[in-house]
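Have a look at the structure below, then the notes.
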Amino acid sequence: MAGKSIKGLVIVESPAKAKKISGFLGSDYTVMASMGHVRDLPESASEIPEELKKTAWAKLGVNVEQGFEPLYIVPKERKKLVKELKDALKDARELILATDEDREGESIGWHLAQVLQPKVPVKRMVFSEITKEAIQEAIKSTRDLDAHMVEAQEARRVLDRLYGYRLSPLLWKKVAPKLSAGRVQSVAVRVLVRRELERLAFKKGTYWDLKTTLVNAGGASFDATLATVDGKRIAAGRDFDESTGKLKSDADVLLLDESTARSLQQRLSPQAWAVSTVESRMQTRKPYPPFTTSTLQQESNRKLGMSARETMQTAQRLYEDGYITYMRTDSVNLSQEAIKASRKCVEARYGKDYLSPDVRQYTNKQKNAQEAHEAIRPAGTEMKTAEEQGLSGREAQLYAMIWKRTVATQMAEAQLRFQTVTIEVGEAEFKATGRHVEFAGFFRAYVEGVDDPEAALDDQEAALPPLSEGESLTSRALEAIGHETKPPARYTEATLVRTLEAEGIGRPSTYASIISTIQDRGYVIKQGQQLTPTFTALAVTRLLENFFPQLVDLQFTAKMEESLDDIANGDAERLPYLKAFYSEAGGLDEQVRVKEETIDPREACTLHLEGVEPRIRVGKFGPYLETERDGATVTASIPDGVTPAEVTNELADKLIEQKQKGPQSLGSDPESGESIFLLSGPFGPYLQLGEKKDDGTKPKRVSLPKTRDVSTVTIDDALAYIALPRLVGNHPVTGHVIKAGVGMYGPYVLHEKTYKSLGKEDDVLSIGIDRAVELLSQARVKVAVAPIKDLGKHPVDNEPVAIFDGRYGHYVKHGKTNATIPKDRDPQSVTLEEAIPWLEERAGKAGGTKKRGGFTKKSAKKVVKKATKKKKPPEE
């Protein structure tokens, strides 16, 4: 050891962080990455030690018989990493655990200490931003691991494991395989299902009113809407009962139908219009608090169209690259340094008039706001813009939003003037409203988005012209307009996140994974921005509500979260809480054992939708209709993608009729002589040319568009569909061809690898060049994802091999083959010779043709060396 430098070993979670922090700490420290958790509860039976496999609790991974002790396993793929960390620790003077500063990070740090068993001092280092100043300050201000926080996180992990591992197998038996239940997941699905059931039960109401465009003496025009007739308020959407479509019993309003509205229109049109009252009031708008995890997810979904997962992935990159503070936080607090930097920025960019006269600080309203100590803001004290930071793409968009929101917190309040004008004409009164931004204040930097697409943004200008009481007006146009009440809107990711947080369900740091899970498990499909529950979601939620109501009760789930917070704060103990939840009388274990026998699988899988006569059953291969016809039970599959709200008696009759008819030949193809069949499958009706050949060759098939009435399809139509894709014409700008066809997502037009779905009014068989060009101009052009590392060219086909950051982690790509990089590997250290065997193995699993021969790492190294060897130039 003589002469050897003894360093401190700093362990962070990711290689990107390790590289950046190492540069800040210098040569006195070795910085390594744990790649997240180094151990966890077993994921499969193969990970359970042989001596424990026969115990009753082994499958749970938690010893419910002895203090709910978790069974922690170091996964096979992490053992090499653990050895490397242990080897590095042998020569270290101290172990510094610099994992993330939230509960999860505290838990990862504790697990590292348990696995590595250090014989040197152990310190906990926390920081909320990765800047040189923050890291150097954090290394001086270390602390001990927080035992209460670790205990609470362990209780949370055990609780989630018991909930999922006891209820999920029940769902497999009673509903369908591969389903899952979760403490937060199942409640989130129930929230979505309840809203969908409200929509299904909704009865629309109709009402009419009048709208006019008025002109004052100066020639300025504005719109006004009928408010009262003979002093009685005109009925509006809020006056209707959603369950009946009729006026509420206590609604003291005048309901206009079409004939009454048009009669009133005729009476009022020729009469004199005059202003009766003019009211004006001032309002101030205060800047919104800086971003937390939840509000960042909501706002990026509204403004940028980013999912919660994409938001968190993008924010993670910005954090690890030192651009923003830690992105998993419930806090709205800003440090004094951040406030000072924001105020300096406001004064420099917008002027003193836009600077808040007093320092503005925010405090959390919700109990137990925690995770980190500061809101999400730009890191450091320079407050550089996205352009100044050199950012681009999604990172630039998200950073810019964070920058604007942070700077706006120290700006002056906005001043708005709201106007309300009443206009009299005959026995009626019309109202006109306006808004004018008197002083923009913080609106100069930031305006929060809204969930209702029809609602006005705060800074939207809609001022009325100057008007005075008694002023005569001219009606330029008076219209009678009919309205229908609308069902409550489905949740978007933004509104679901907001609801879960408001109800105290789960933690914002988990919402991204929850929303992804409920889609992956088939509980929800995304239609545009809407989260639409499936038939499976309805069946599972009903089962849980009927047999385990407490476990999907919002208040009970929120109370569980509070109990876990109490454990984290040292106000409660882990063991009594887990016993009460699981093993005591009335606990989860007893509930499952008792109720499992009483649940009828057939009943659990059967849905009765209001207004739909056939039953809907959720089967192993998807939902299907079931009813009785002529004394016999008949069934028909519901096409994939059809949601509960789209099932009507008309659709049910059509699907059942198609099923009963069986394969229907429309005629023969004149070229091949083969029959063209009209069939129905899980994805809807489709056409098939001929039948499967003896050699296994599958016949050509093409789906029919959802908008096409199958009863009207002729042999000529069928031949045209079978011939798709067809040439529409040449693009007037590029000169390249545009094609039209039907794919897995329906009919489309295609130009230079850019697809655009057709509208409901478009016909794939007849769409012309002008309409195709119009649609393609609206297409969102996919931006090629840049690799995080180029490994070079494949030695066989000379095609590039590169590493990318994907939804499920890092992967290496060659042509159309993607191979996952092991979790314990730093993607930046992967070489071409390592990547080639991974790609070969992946191609083999996918059933691909092995054109390149099976490479091992050793043989790949030889081939790479040979291919990249510099050739001697030919003699002149």
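Along the stretch 99-108 the Karplus relation, 6.51 cos²θ - 1.76 cosθ + 1.60 evaluated at θ = phi - 60°, assigns HN-Hα couplings of 6, 3, 8, 8, 4, 4, x, 4, 5, 4 Hz to successive residues, with x for each Gly and Pro.
According to the calculation over all Cα-Cα pairs in the stretch 131-247, the P(r) per 5 Å bin from zero is 2, 8, 8, 8, 8, 7, 7, 8, 8, 7, 6, 8, 8, 6, 2, 0 %. A straight chain from Ala489 to Thr284 at 0.36 nm per residue would run longer than the Cα-Cα distance by 70.9 nm. Scalar couplings 3J(HN,Hα) for the stretch 16-31, obtained by applying the Karplus form with A = 6.51, B = -1.76, C = 1.60 to θ = phi - 60°, are 4, 5, 4, 5, 5, 5, 4, x, 7, 8, x, 7, 7, 9, 9, 10 Hz; x denotes Gly and Pro. Calculated from the alpha-carbon coordinates, the chain shows an Rg and a Dmax of 32.5, 105 Å respectively.
In whole angstrom, the stretch 688-754 maps to an equivalent ellipsoid with semi-axes of 26, 16, 11, each derived as √(5λ) from the alpha carbon gyration tensor and ordered largest first. Computed over the stretch 158-219, the percent of Cα pairs more than 15 Å apart is 71. Computed on the stretch 676-794, the Cα convex hull volume stands at 183 Å³ per residue. Using C-alpha pairs under 8 Å with a sequence gap of at least 6, the mean separation divided by the residue count of the chain gives a relative contact order of 11 percent.
Extension gain, Ser468 to Glu388, is 23.8 nm, computed as 0.36 nm per intervening residue step minus the present C-alpha separation.
Summary of the geometry: the stretch 169-233 and the stretch 45-105, compared by the centres of their Cα atoms, lie 48 Å apart.
Reported value for the stretch 93-135: 65 Å³ per residue, from the convex hull of its C-alpha atoms.
Between Lys80 and Leu575, the modelled label-to-label distance comes to 4.1 nm, taking each label 7 Å out from Cα in the direction of the beta carbon.
In µm²/s, what is D for the stretch 490-586 at 25 °C and 0.890 mPa s, where D = kT/(6 pi eta Rh) by Stokes-Einstein and Rh is the Kirkwood radius from Cα pairs? Rounded to a whole number, D works out at 161 µm²/s. Quick one: of Lys20/Lys303; Lys178/Lys526; Lys19/Lys123; Lys19/Lys86; Lys526/Lys595; Lys174/Lys595, which pairs are farther than 23 Å apart, Cα to Cα? Beyond 23 Å between Cα atoms: Lys20/Lys303; Lys526/Lys595. For the chain, the share of accessible area belonging to carbon and sulfur comes to 49 percent (1.4 Å probe, ligands and nucleic acids excluded).
Pairs of alpha carbons in the stretch 274-413 separated by more than 19 Å make up 53% of all such pairs.
Between Gln415 and Thr734, the simple label model (points 7 Å from Cα in the Cβ direction) yields a spacing of 5.3 nm. Dividing the convex hull volume of the alpha-carbon atoms in the stretch 376-522 by its residue count gives 237 Å³ per residue.
Its DSSP H runs of at least 4 residues, each contributing -39,500 (n - 2.57), put the calculated 222 nm mean residue ellipticity of the chain at -10500 deg cm²/dmol, to the nearest 500. A simple count of charges around Arg617, restricted to other residues whose Cβ falls under 15 Å of its Cβ and scoring Lys, Arg +1 and Asp, Glu -1, yields +1. FRET efficiency for the pair Thr606 and Ser243, taken as 1/(1 + (r/R0)^6) with r the Cβ-Cβ distance and R0 = 25 Å, rounds to 0.55.
For Ser777 and Leu52, what is the calculated FRET efficiency with R₀ set at 60 Å and r taken between the beta-carbons, to the nearest 0.05? Efficiency at R0 = 60 Å is approximately 0.45.
On full extension, the segment bounded by Ala272 and Lys793 gains 179.4 nm, given 0.36 nm per residue less the C-alpha separation.
The amide H of Lys7, built 1.01 Å from its N in the peptide plane, has Arg93 as neighbours under 5 Å, considering only residues 5 or more places off or on other chains.
Measuring between alpha carbons in the structure, the pairs from Lys76/Lys579; Lys59/Lys620; Lys53/Lys173; Lys140/Lys789; Lys698/Lys753 lying more than 29 angstrom apart are Lys76/Lys579; Lys140/Lys789. Separation of the stretch 734-779 and the stretch 700-725, taken as the distance between their Cα centroids, equals 17 angstrom.
Each residue of the stretch 342-358 was assigned a 3J(HN,Hα) from its phi angle through the Karplus expression (A = 6.51, B = -1.76, C = 1.60, θ = phi - 60°), giving 5, 5, 5, 5, 4, 4, 6, 8, 10, x, 4, 4, 9, 8, 4, x, 10 Hz with x at Gly and Pro.
The values are calculated or read from the model by the stated rules, or taken from the named source; none is laboratory data. Computed from a predicted structure; not experimentally measured. Heads up, the Cβs are rebuilt from the backbone with ideal geometry, glycines too, and the neighbour counts pull from every protein chain shown. The protein model used for the area step is the full one, side chains on, heavy atoms only, and it has no ligands, DNA or RNA in it. Shrake-Rupley method; radii C 1.70, N 1.55, O 1.52, S 1.80 Å.
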